[in-house]
Amino acid sequence: MYLSVSQTKNIPQSERSSIGLLKNSNMLAKIVLITALFALAVGQIGLNEIEEYGGPFEPIPYSFGYAIKDVHGEQHRQEKSDGAGVVTGSYGFVDEHGIHRQVYYIADHLGFRAKIVTNEPVKGLYCWNNHRPIFKRPRSQRSTCLTNDNYLYNLTDFTG
């Protein structure tokens, strides 16, 4: 229903806005209907079953390795799998100061296990958050350390 400008002059202002709203709501309903039909049509395209490529694969034997040497030091790694789910290997580095760390590992049905061989200066005591603050810390705050025998200690037990 369309009204000319001269016809709308005789209609009170409150009714004019409802006529505009009726026109807009009719248009809005058409837009919603078209959008819903489009979404329904596009959604039908994705109903095809997805073909799976193969199935679960059995482990296969493999091995690889690399070694890098430059002015900053050396890095190396080697790994092999026996095809039955057991992976063994090692990796390590030597830095420009001669610090060496070598990690030997095995991963199997028992989990991941590693042995670390190193000449790092703090051998035997691995600490985190053991830096010396520039302020006096509260007595209740302690740093935690882990020793080679896998016991946790507080840093204050060693430093007083």
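The values are calculated or read from the model by the stated rules, or taken from the named source; none is laboratory data. Since the structure is predicted, the reported quantities are computational estimates derived from the model, not experimental observations. FYI the Cβ positions are ideal-geometry reconstructions off the backbone, even for glycines, and counts take in every protein chain you see.
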| query | Are any residues in the stretch 89-101 surrounded by fewer than 16 Cβ atoms within 10 Å (Cβ to Cβ) and either under 26 Å from the mean Cα position of the chain (by Cα) or at positive phi (or both), and if so, which ones? | reply | GLY98
| Those residues of the stretch 65-100 which are assigned to a loop (DSSP other than H, G, I, E, B) and more than 27 Å from GLY111 (Cα to Cα), in sequence order | VAL71, HIS72, GLU96, HIS97, GLY98, ILE99
| remark: Checked pairs for the stretch 54-66, first farther than 19 Å from ASP82 by Cβ and of a type outside the set (A, V, I, L, M, F, W, C), second at pLDDT 90 or above and outside any loop (DSSP other than H, G, I, E, B), C-beta under 9 Å and 6 or more apart or across chains, list as TYR66/GLN75; TYR66/HIS76; TYR66/ARG77; TYR66/GLN78
| message | Among the residues of the stretch 51-64, what is the count of those that are outside any loop (DSSP other than H, G, I, E, B) and surrounded by fewer than 10 Cβ atoms within 10 Å (Cβ to Cβ)? | response | 0
